[in-house]
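The values are calculated or read from the model by the stated rules, or taken from the named source; none is laboratory data. Here the structure is a predicted model, which means the values were calculated and not measured. FYI the Cβ positions are ideal-geometry reconstructions off the backbone, even for glycines, and counts take in every protein chain you see.
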Amino acid sequence: MTDANTADTGMPSQEKPKPNLARGLRTHYCGELTEAEVGQHVSVCGWVDRRREHGEHLAFVDLRDHTGIIQCVVDERIDVRSEYISRITGVVRLRPEGTANENLKTGTLEIGDCDVEILNRAEPPPFSLHDESIGGQQRTSTDETTRLRYRYIDLRRQRMQHNLRTRAKVNSCFRTSMERLGFLEVETPMLIASTPEGARDFVVPSRLHPNSFYALPQSPQIFKQLSMVGGVDRYYQIARCLRDEDLRADRQFEFMQLDLEASFVTHMEIMDFVNEAVLDATQAIMGWRPDAIPSISWHDAQDRFGTDKPDMRFGLELQELTSIFAETQARVFQAECIKGFALPGGSSLSRNRIDELTEKTKSWGAKGLAWFRVGEELSLDGALTRFMSQQEQAAITAALGASKGDLLLLIADKRAVANQVLGRLRLEVGEPDEKASRLKFVWVVDFPLFEGFSDDGAPIPAHHPFTMPHPEDLSILETFADGEASKLLGVRSLAYDLVLNGWELGSGSVRISTPELQRLVFSLLGMTDNEVEERFGFMVNAFKYGTPPHAGFALGIDRFVSILLEEETIREVIAFPKTQSGSDPLTGAPTSISPQHLRELGIRPSKPS
Ligand code: ASP
């Protein structure tokens with residue numbers, strides 16, 4: 001045995017195999033060894049995964065690197081412990097009969113006659129690096145804050161290694177597909193003026209320009225569009241985006257997008273480019289290629305699934321029932337809209353569960369949930385049947401395509417409320433069809449241009465303000481007069497989202513490419529000429545100098561990889577993520593800065609309002 005502290009570790013002695021360029025101090029990676037190497041003199045490097053004593057002079061040392069584990073048999077007394085960094089040199093041999101380990105790729109092999117060099121000692125790790133089977137998957141039960149505080153140790157776990165390598169492969173596939181499609185990688189700046197994606201900017205104070213701030217990019221939107229004016233033709237970037245949003249859901253302040261933009265194309269080509277990139281990457285990771293990706297209009301998505309991000313892995317489509325109740329005397333069914341769906345086999349749900357679902361629908365904004373169990377000869381059983389005629393009961397059963405044993409779930413309310421609540425209820429009770437593909441992509445197209453009105457009455461853009469209105473609805477914008485505000489909500493745009501398993505993977509649009517139309521949209525958004533000039537003057541100005549028609553898209557890489565890997569949070573596929581509350585237990589960020597640094601920046605701390 002040699003020790004890093006007393007021996008020259010970088011230079012192996014004469015009789016040992018020489019280091020080589022591809023593998024550095026090792027001749028093989030631990031998990032790479034196969035029976036073909038039996039009899040070969042090899043060197044492996046890594047972390048001591050386990051060490052087991054066999055009597056006075058025999059020890060088994062499992063050495064681990066990112067490729068796997070190899071058992072090394074050491075005939076001398078050595079002091080190696082878990083996580084010690086070692087280089088072990090010896091001869092590959094078959095393990096004695098009956099001692100193979102089926103759970104290990106290298107389970108029939110071991111390295112014998114070992115010389116162990118300790119390259120570095122290690123303190124015992126703060127948690128076990130061996131995953132347990134949790135929910136059918138190999139996972140850790142260590143709490144997340146501890147994992148993040150010691151992320152450099154957590155990353156050694158096999159699952160994290162696999163996740164990082166899968167992510168890198170996805171990025172690499174994206175680059176290959178984009179380059180094959182003629183896209184040019186262009187890097188855009190991080191210190192910029194604000195990009196309007198609808199979130200709050202992270203800002204960076206400027207030392208050289210007191211009282212001025214850079215914004216960190218919410219996306220490369222402005223620059224990718226300007227690159228089209230600049231003749232780039234097809235742009236892409238694996239881009240970091242930063243948005244200072246409340247981290248309610250599974251979000252991070254910073255996230256990565258496959259960002260792209262192309263000139264002289266329509267939304268159809270953009271969707272095809274994205275289809276290729278996404279399906280290529282899925283195939284590379286999963287080993288099979290999902291079906292061609294279907295499209296649905298935003299309106300139909302709302303109507304059939306009650307959401308703009310439908311989970312298409314199961315049915316339970318919402319059905320229109322309003323006309324069935326046209327003559328109803330029952331107050332509960334006198335509503336603008338009545339819709340529902342039949343849950344197959346749902347009659348067996350307990351009364352408690354149904355009450356719980358009713359409470360949920362109320363918390364989502366409905367007045368209540370009408371439910372009926374379907375019995376013999378399609379008779380309905382439920383508290384509200386006494387307010388319904390036989391014809392109404394038969395008609396809803398038929399409209400919902402119900403069978404005996406189903407549970408009918410109905411909401412009577414304003415149309416938007418009925419859709420939204422049923423959409424959530426559908427996700428609450430629905431389960432992916434086992435026979436369906438695990439990955440169901442869908443394009444949602446023709447989004448509305450505006451999603452509502454702000455307190456001061458200005459319409460709020462559903463995407464960013466560079467989104468092209470649908471040509472068929474342009475006249476509404478051009479002839480729009482105050483007082484007809486609600487008409488604006490019916491204006492469609494050439495914007496599209498890609499959805500996977502009910503998650504929005506990304507969005508994009510055809511862009512406005514003339515200064516006149518861009519000014520019109522800014523003015524509808526309630527921006528004065530001065531405000532436009534101040535915030536986007538450079539952009540409107542650029543559009544005067546020869547702007548090709550262009551369109552683009554951006555796809556969230558963190559979300560995509562986490563769905564492919566069946567991870568519950570995107571943090572599992574990010575090397576160094578922040579916690580839910582946006583802090584980093586490893587480095588302590590965000591931290592205060594020194595008074596001197598603040599003075600240089602001309603900043604005096606005060607309590608935030
Ligand atoms: N910039 C948009 C986003 O980040 C995507 C796009 O319109 O290309 O969502």
For strands (runs of 3 or more DSSP E) lying entirely in the range 103-149, having 1 or more residues that are under 31 Å from the mean Cα position of the chain (by Cα) picks out 132-134, 137-139
Considering the range 188-207, residues that are among the aliphatic types (A, V, I, L, M), part of a loop (DSSP other than H, G, I, E, B) and at pLDDT 95 or above, and then whichever is nearest to the ligand (Cβ to nearest atom), we arrive at 190
Per the filter on the range 547-557, residues more than 15 Å from residue 516 (Cβ to Cβ) and more than 10 Å from the ligand (Cβ to nearest atom) are 548, 550, 557
Are any of the residues in the range 400-417 at pLDDT 95 or above, of a type in the set (Val, Ile, Thr) and within 22 Å of residue 333 (Cβ to Cβ)?
yes
Fill in: Filter pass, residue 430 being touching a residue at least 12 places away in the same chain (Cβ under 8 Å), of a type outside the set (Val, Ile, Thr), touching a Pro at 6+ places or on another chain (Cβ under 8 Å) and more than 16 Å from the ligand (Cβ to nearest atom)
no
Going through (1) surrounded by fewer than 20 Cβ atoms within 10 Å (Cβ to Cβ); (2) away from the ligand (no atom under 15 Å from the Cβ); (3) not in a helix (DSSP H, G or I) one by one, residue 296 fails only at (1)
Check: Is there a residue in the range 72-79 that is within 24 Å of residue 23 (Cβ to Cβ), in contact with a Lys or Arg (Cβ under 8 Å, 6 or more places away or on another chain) and either outside any loop (DSSP other than H, G, I, E, B) or at pLDDT 95 or above (or both)?
Finding: no
| message | Can you say whether residue 210 is assigned to a loop (DSSP other than H, G, I, E, B) and within 16 Å of the ligand (Cβ to nearest atom), as far as the supplied structure shows? | response | no
Just to be sure, is residue 365 surrounded by fewer than 20 Cβ atoms within 10 Å (Cβ to Cβ), at positive phi and not in a helix (DSSP H, G or I)? yes
Residue 232 vs (1) away from the ligand (no atom under 14 Å from the Cβ); (2) free of Cβ contacts under 8 Å to residues at least 40 places away in the same chain; (3) buried (at least 18 other Cβ atoms within 10 Å of the Cβ); (4) under 30 Å from residue 513 (Cα atoms): all pass except (2)
Residue hits (the range 304-333; over 30 Å from residue 497 (Cβ atoms) and either more than 41 Å from the chain's Cα centre (by Cα) or crowded, with 18+ Cβ neighbours inside 10 Å (or both)) are 324, 325, 326, 327, 328, 329, 330, 331, 333
Of those in the range 503-520 that are more than 16 Å from the ligand (Cβ to nearest atom) and out of contact with any helix residue (DSSP H, G or I) (no Cβ under 7 Å at 6 or more places or on another chain), the residue nearest to residue 545 (Cα to Cα) is 516
Determine, yes or no, whether residue 382 is small (Gly, Ala, Ser) and modelled with pLDDT under 95.
yes
- Please work out if residue 573 is at negative phi, more than 16 Å from the ligand (Cβ to nearest atom), in contact with a helix residue (DSSP H, G or I) (Cβ under 6 Å, 6 or more places away or on another chain) and modelled with pLDDT of 90 or more. yes
Take residue 423 and tell me if it is of a type in the set (Gly, Ala, Ser), at pLDDT 95 or above and under 23 Å from the mean Cα position of the chain (by Cα). yes
Taking the range 157-184 and the residues there that are buried (at least 18 other Cβ atoms within 10 Å of the Cβ) and not in a helix (DSSP H, G or I), the one that is nearest to the chain's Cα centre (by Cα) would be 157
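Residues checked against (1) in a loop (DSSP other than H, G, I, E, B); (2) within 13 Å of residue 425 (Cα to Cα):
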site	(1), (2)
285	no, no
289	yes, no
292	yes, no
302	no, no
310	yes, yes
313	yes, no
323	no, no
When every residue in the range 216-267 that is outside any strand (DSSP E or B) and aromatic (Phe, Trp, Tyr) is compared, the one farthest from the chain's Cα centre (by Cα) is 264
Of those in the range 23-41 that are hydrophobic (A, V, I, L, M, F, W, C) and buried (at least 21 other Cβ atoms within 10 Å of the Cβ), the residue farthest from residue 129 (Cα to Cα) is 33
